[in-house]
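Trainee: A single structure is presented below for examination.
The values are calculated or read from the model by the stated rules, or taken from the named source; none is laboratory data. All of these numbers come straight from a predicted model, not from anything done at the bench. Neighbour counts run over all protein chains shown; Cβ positions are idealised from the backbone, glycine included. Keep in mind that these areas ignore ligands, DNA and RNA; they rest on the heavy atoms of the full protein, side chains included. Shrake-Rupley method; radii C 1.70, N 1.55, O 1.52, S 1.80 Å.
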Amino acid sequence: MVRAAKEYFNASGSYEDQNMRLAEICLKLFPKSEERIKEELDLISALPMLQDFKIFMLPLRGGRRMWGI
């Protein structure tokens with residue numbers, strides 16, 4: 001499921017992309033006590049704030065959009 005969430009996130013063109021919703025759904029299948037999962041859910045929930053600053057590209061993380069998997 002984590003790999004599927006990564007693929008959906010990376011395939012998203014924007015926060016509104018349906019793939020972003022699918023990534024979030026995959027991550028919500030895990031216990032919220034897992035710090036890595038919580039961090040990624042926090043990232044997804046913070047993405048709409050970027051639009052307030054006229055930033056429409058999704059962030060990159062360590063040369064990749066999400067996780068180092």
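Trainee: Can you say whether Asp17 is modelled with pLDDT of 85 or more and open to solvent by 70 Å² or more (accessible area, probe 1.4 Å), as far as the supplied structure shows?
Mentor: No, not satisfied.
Trainee: Return the residues of the range 35-51 that are modelled with pLDDT of 90 or more, open to solvent by 40 Å² or more (accessible area, probe 1.4 Å) and within 20 Å of Gly13 (Cα to Cα); say none if nothing qualifies.
Mentor: Selection gives Asp42, Ser45, Pro48, Met49.
Trainee: Within the range 27-34, is there a residue that is within 12 Å of the chain's Cα centre (by Cα) and modelled with pLDDT under 90?
Mentor: Restricting attention to the range 27-34, the residues satisfying the condition of being within 12 Å of the chain's Cα centre (by Cα) are 27-28.
Those still in the list that are modelled with pLDDT under 90 too: none.
No, the range 27-34 contains no residue that is within 12 Å of the chain's Cα centre (by Cα) and modelled with pLDDT under 90.
Trainee: In the range 52-61, how many residues are open to solvent by 90 Å² or more (accessible area, probe 1.4 Å) and under 12 Å from Ala23 (Cβ atoms)?
Mentor: Matching residues across the range 52-61 total 0.
Trainee: Being assigned to a loop (DSSP other than H, G, I, E, B) and basic (Lys, Arg) is the filter here, so list the residues in the range 1-57 that pass it.
Mentor: Lys28, Lys32, Lys54
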